1. So which aspartates and glutamates pass the test for residue 212, namely a Cα distance under 14 Å, with those fewer than 8 places away in the same chain ruled out?
2. Does the stretch 1-155 classify as rounded, prolate or oblate by the C-alpha gyration tensor (a ≥ b ≥ c root eigenvalues; a/c under 1.5 gives rounded; else a/b over b/c gives prolate, otherwise oblate)?
3. Want the number for residue 203 to residue 152: 0.36 nm per residue separation, take away the alpha-carbon distance, what's left?
4. What is the list of residues in the stretch 1-38 whose amide nitrogen lies under 19 Å from a point 7 angstrom out from the Cα of residue 346, following Cα to Cβ?
5. Give, as ranges by residue number, the residues of the stretch 179-223 whose backbone N falls under 20 Å from the point 7 Å along Cα→Cβ of residue 129.
6. Say we join alpha carbon atoms closer than 10 Å with springs in a Gaussian network model of the chain; which of 189, 143, 83 then has the biggest fluctuation?
7. With +1 on each Lys and Arg Cβ and -1 on each Asp and Glu Cβ, and nothing else charged, work out how big the dipole of the chain is about its Cα centre, in Debye to the nearest 20.
8. Given R₀ = 30 Å, FRET efficiency for residue 336-residue 213 by Cβ-Cβ distance, to 0.05?
Amino acid sequence: MTDQVLNTPLTRLTGVRHPVVQTGMGWVAGPRLVSAVANAGGLGILASATMTLDQLATAIEEVRSRTEAPFGVNLRADASDAGDRIDLLIRKRVKVASFALAPRQELIAKLKDAGVVVIPSVGARRHAEKVAAWGADAVLVQGGEGGGHTGAVATTLLLPQVVDAVDIPVIAAGGFFDGRGLAAALAYGAAGVAMGTRFLLTSDSSVPDAVKRLYLGTSDTVVTRQVDGMPHRVLRTPLVNALESSGRLSGLVRAVRNAARFRRVSGMSWPGMIRDGLAMKHGKELSWSQVLMAANTPMLLKAAMVDGRPDLGVMASGQVVALIDDLPSCEELIDAVVTQAADVLRGLGANLAD
Ligand SMILES: Cc1cc2nc3c(=O)[nH]c(=O)nc-3n(C[C@H](O)[C@H](O)[C@H](O)COP(=O)(O)O)c2cc1C
């Protein structure tokens, strides 16, 4: 494992050796991937939205049994049991709480009082300003080229705006895969990079091999609203093309079926799901059919990521998939990224005129 070569506000804040984050990807970022990243000196983040509370407790224990290094857990701030999950993180002394949506101010305060580092993800400058004002320790900003739910503004434009707008460490996400990207992010003023697609495509990720091969052989992604009503970047596959051209009614029928399946798998009650739906709808322009479609996402991702059936599911992916053609271990990947970033930064210094 490479010694520390880059010391940034992110490494100092979280206690990890390298300023490289593996993001919390539903069904993908489980104990195996997270502990491999932690052991390689990066910040691994466990995805918990697709786990019950008990499953999350077991997953945290499993990561602990595989590594002594710090790691994080990604939470949905609008989940009906978000409070219980936060209590669990505090009890288990998890180092970092990451949030897909901005958590309420009092939840941030509770975590911070207990010594947990709070890092919400945002896709717009005004959201970064809001969570910084609420006391977040750092912010992860994802540009439009990133995989999964994503915005329209590219990392190259969003990142400098956010760096200028807040005075907490900023982690850059969306489109990163190598050391040049890390050096560029540091040049923009970021404290490190976060990568999703690149970590999915490692030998340590538990995604079935056939699905990884499909990613490696695909370079085309599309942002679709047909999965859950919100812009979602996924691999372009025949299924996605069919969803894109399917009518409203068939989409709704499919959404109801998948919502029922997710309810069984997640152990959630219908009232719980409706509460989550209401929380999700709150303050957004979502119709009820879109809220219902949101339950599609977990089942459609699971079909590919866990069951190995890309023909039946969707595969979230960043545009960066077009530049990836190998499956390194997390240790090989992180070592290569930080070593190359340090070389690039040294090389740039040599360009300076006296
Ligand atoms: C397969 C997959 C699943 C994802 N699931 C989630 C998720 O459950 N919650 C979340 O906040 N972000 C999720 N994301 C987004 C990532 O956390 C991350 O922000 C994004 O992948 C960064 O862009 P990149 O893929 O270009 O590295 C997912 C991304 C992928 C590729």
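1. Result set, ordered by chain and number: 204, 307, 311, 325, 326.
2. Working: a/c = 1.34, a/b = 1.09, b/c = 1.24.
Verdict is rounded for the stretch 1-155.
3. Values: separation 51, 0.36 × 51 = 18.36 nm, distance 3.07 nm.
The residue 203-residue 152 span can extend by a further 15.3 nm.
4. Zone members listed by number: 1-8, 18-19.
5. Within reach of a label on residue 129, which here means backbone N under 20 Å from a point 7 Å along Cα→Cβ, the stretch 179-223 contributes 189-190.
6. Ranking 189, 143, 83 by mean-square fluctuation puts 83 first.
7. Details: 36 positive and 33 negative charges, 238 e Å.
Dipole about the Cα centre, nearest 20: 1140 debye.
8. Working: r = 21 Å, r/R0 = 0.71.
That pair, residue 336 with residue 213, gives E of 0.90.
The values are calculated or read from the model by the stated rules, or taken from the named source; none is laboratory data. From a predicted model like this one, the values you see are computed outputs, not experimental measurements. In this analysis, Cβ positions are derived from the backbone assuming ideal geometry, glycine residues included, and neighbour counts consider all displayed protein chains. When the accessible area is computed, the model is the full protein with side chains, heavy atoms only, and any ligands, DNA or RNA have been set aside. Shrake-Rupley method; radii C 1.70, N 1.55, O 1.52, S 1.80 Å.
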